[in-house]
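**Student:** For reference, the structure I am asking about is given below.
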Amino acid sequence: MYTLKGMVADRDGGWLHMTLRDPYEDHQLRFDQHPRPYRAVDALRLEALLRRLTDEGRPRLLGDPEWVGRAAASLAGGKNRWVTGGSLEQAVAEALEAAGTGSS
């Protein structure tokens, strides 16, 4: 699958390139344990969630595996509808509501 930023998934799994921390550390986050291939819309929803958490100063939630599981389950659900800014924002808002505030 491809997004505007390049390939994010193939038959063996997928990956996201990200820069973490200060000083900056470049990492490749692999995801290959899912029972089915990821859809491009799933990767775009994840990117929108990461952007929103970063913009709101809440990336710490990504360190809570239970929270991430609830958010990811919400993001992966639903139809493969038209991907617009509004539909991504709606999916992220629903995922944040489903995941709650986190345990930390």
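**Student:** Scan region 50-73 for residues that are part of a helix (DSSP H, G or I) and surrounded by 15 or more Cβ atoms within 10 Å (Cβ to Cβ) and report the count.
**Tutor:** Qualifying residue count, region 50-73: 10.
**Student:** Specify the residue that is surrounded by the fewest Cβ atoms within 10 Å (Cβ to Cβ); the eligible residues are those in region 39-49 that are over 17 Å from THR101 (Cβ atoms) and among the hydrophobic types (A, V, I, L, M, F, W, C).
**Tutor:** Ranking the qualifying residues of region 39-49, first place goes to ALA40.
**Student:** Tell me, which residue of region 82-100 that is open to solvent by 50 Å² or more (accessible area, probe 1.4 Å) and in contact (Cβ under 8 Å) with a residue 40 or more places away in the chain is farthest from ASP42 (Cα to Cα)?
**Tutor:** Once the filter is applied, the top-ranked residue is GLU89.
The values are calculated or read from the model by the stated rules, or taken from the named source; none is laboratory data. This one's a predicted model, so the numbers in the text were calculated from it and none came from an experiment. Here Cβ is always computed from backbone atoms with ideal geometry, including for glycine, and neighbour counts include all displayed protein chains. Note: areas computed on protein heavy atoms with side chains; ligands, DNA, RNA excluded. Shrake-Rupley method; radii C 1.70, N 1.55, O 1.52, S 1.80 Å.
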